[in-house]
Each structure stands twice: as structure tokens, then as C-alpha cells.
Amino acid sequence: MKKGILVEISVILLMFSLFVLTGCSNKEIGGTTTKSNNQKLSDIVKVGDYVEYKTEVGNTYISKADKTGIDKEQIFETTGEEKWRVLSIEDDGNVNLVSVEGIVTKFEKEYSLYGENGFTNGVEELNNISKIFATGENAIFGRSMNLSDVINLIGIDKIAKVYENENEVDLSAYSGEEKLKQAYKLMNEEYGNTYTFESQTKTVNSAFNINSSMNAFGIDKITDDKTTIDLLLTSNGKTGENIWLADEIVDVGKIGREASYFNCGLATYDVTKRTQYTGYTGENISSSIGFETLYYINYNQRSSYPDNFIRVVVTLDKNTKVSGGTGTSEQPYTLK
């Protein structure tokens, strides 16, 4: 009899323990209960989700004048308060986050690059600045946002369609990167050609001229994906402000019909959100996102817009796990 009672008591205690453990696997966030069952971040998130990733506080990088063409040092410092969204999820499970806001200097100035030094060192400096943000838990790499990120967000087929329609050429026989190259050649007949001027040899890669192909009708005419459009905006974007992309762009200038000089620069895109109003009512009737042309830092003439924001990309390890959250801006995914 006593043995039977002991067995029953043991069963009750076991069930109670399981109940307690199950209850502890839930986490209250803002009044919402979310399961925290050691799921991998890559298995849960989608592009555009918010993630509460924390950098170490006080990491700095000084971008020196001899690297930028600007006659001053530009200091960047992490605060630990930066906000992040999912930019892409790699096949191996690594997750790329992008800063929600455009990154500025410690003194809240946009990053300046100018002239030949700015072009030559620009990509390296943008990536060096970005690396100081890859110091938080689970981070394995930091870099600047680049043109490939924008292309992947929008989609090669959608971008190619713009060039197909402009030139009335069918590129359906191509796919992937080859389709993109064929579309580029429609945009710039010099694309892929190599030239040597004054002992410098470069290959023309200027083609994704967003301004002439897309700005006339806005990015929202290329893609109807609201997440993509929203993700390209930054929360601190201002009218006419651009984002540096870590890509060297090379084109050729022509005198007469002959290619006779390089036109080199770094790619950018514009985060302006333009809103139209009707009369004096202030009623919002439409909005669009405008993209600027690829921004050139000319060797021999003054740059018009040398100051731009930076978007930092941080790669999280494929084994990063979630402890809570729902992926919204109010309840970002929290990490283990």
C-alpha cells in the first residue's frame, strides 16, 4: 500500500516539475508571452524583422584625412543603442543585420569622402568603420552595405525588367547574374570593357544607373514589396541625403567618339521619402522613394555631394538562438 502511495506521489512530483519547466520556457515581453525553445534565429526570422543586437559600447574607429581626401579626422563610436533589422539570411544559416539608422560620426556628422584619395580608400574605410559594430555577442563579421545588397533586395528579374522595357529587348533566355550583366550592357554599351589611361587599367562596371532608369517613376514602380521599400529607407533619412555603398564604380568619359578618361566614384542611393500634398489641406495623397544616380568622386573636379550616411551590415553566427520577441519594432527578437 505504502509503495503504491509513493509511486503516485512520484508521478505527481514529476508532472509538477514538467509544468514548471514548461512555464519557464516562456518569456513575457510587453505583456505578450513568447516561446523561447532554443530555436535558431535563421529558422524564425524573415527579411525586415527587427533584432535586438547589442554592440559593445565605446568601440571607436578614426578615419584619417590621408585616407578620405578630407582635411580632418572623422571619428566613429559605437553606443550599444543602434537598432537593427534583418537584411538577408544566408544559405548556411548566418543572418545579416543592417542598421536601421544611417550611421554618422561621433559628432553626428555624415561621412565625407573626396577626390582620388576618397575613391581609392573609400571601400576599405567604409568597411573598417563598419567592423567596430561587429563586436556584440554572436557577431562574426561587419561590413558596409553594398550594391549587391540593394540588388538582392529588389531582385535581379525586377531590375532587368526595367532595362528590357526601356530598350524593348527580351532577356528571358538569361537568368541570374548573366541576366543582370546583359541588362547592364543595355544600360551602358561600355560595360565590361577594359581601358588603360595614364598607366591605370580599369574595367567599366558602371551600369546600375538608378537615376536615369528608375528615379523618374520611383522604386515603388519596380517592386511592390513594401518590406523592401521600407528597408531601404532609414529612420534618420532627410531630403536629399544619400547612403554610401562600398563599391568602386568605373566609367569612361569620351571626347568626340573616343574613350579618353576614367570617371570613378563610389555608389550611393538616396533615402528621400517624397510626399505630395493637395492644396492647403495638408492631405497626404501619395509618396515615393527616389534613388539618385551613382555618385562619382571625380579626380579632377569638385564633388557635389561628398557627405553621406553609412549603413552597417553585421553578420550573426548561424548558431545564434532566439530567447524571445516577435520581430516587430516594438518587440524585436532577443538573442541568447
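Key figures for this structure:
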| quantity | calculated |
| --- | --- |
| For the range 52-91, diffusion coefficient by Stokes-Einstein and Kirkwood Rh (Cα), 25 °C, 0.890 mPa s, µm²/s | 196 |
| Integer Hz, Karplus 6.51/-1.76/1.60 couplings in order for the range 121-135, x for Gly and Pro | 9, x, 4, 4, 5, 4, 6, 5, 4, 5, 4, 5, 8, 9, 10 |
| Pairs beyond 29 Å (Cα-Cα), from Lys67/Lys109; Lys64/Lys158; Lys46/Lys67; Lys158/Lys336; Lys109/Lys179 | Lys64/Lys158; Lys46/Lys67; Lys158/Lys336; Lys109/Lys179 |
| Whole-angstrom gap from the range 242-262 to the range 133-157, using each part's C-alpha centre | 25 |
| The range 115-168 - Rg (one decimal) and Dmax (whole number), Cα, Å | 16.4, 50 |
| Chymotrypsin sites (Phe, Trp or Tyr not before Pro) restricted to DSSP loop in the range 101-137 with at most 13 other C-beta within 10 Å | Phe107 |
| Solvent-accessible surface ranking, highest first, for Ile243, Ile140 at 1.4 angstrom | Ile140, Ile243 |
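The values are calculated or read from the model by the stated rules, or taken from the named source; none is laboratory data. It should be emphasised that the depicted structure is a prediction, and the values quoted were computed from it without experimental measurement. All Cβ positions, glycine included, derive from the backbone under ideal geometry; neighbour counts span all protein chains shown. Keep in mind that these areas ignore ligands, DNA and RNA; they rest on the heavy atoms of the full protein, side chains included. Shrake-Rupley method; radii C 1.70, N 1.55, O 1.52, S 1.80 Å.
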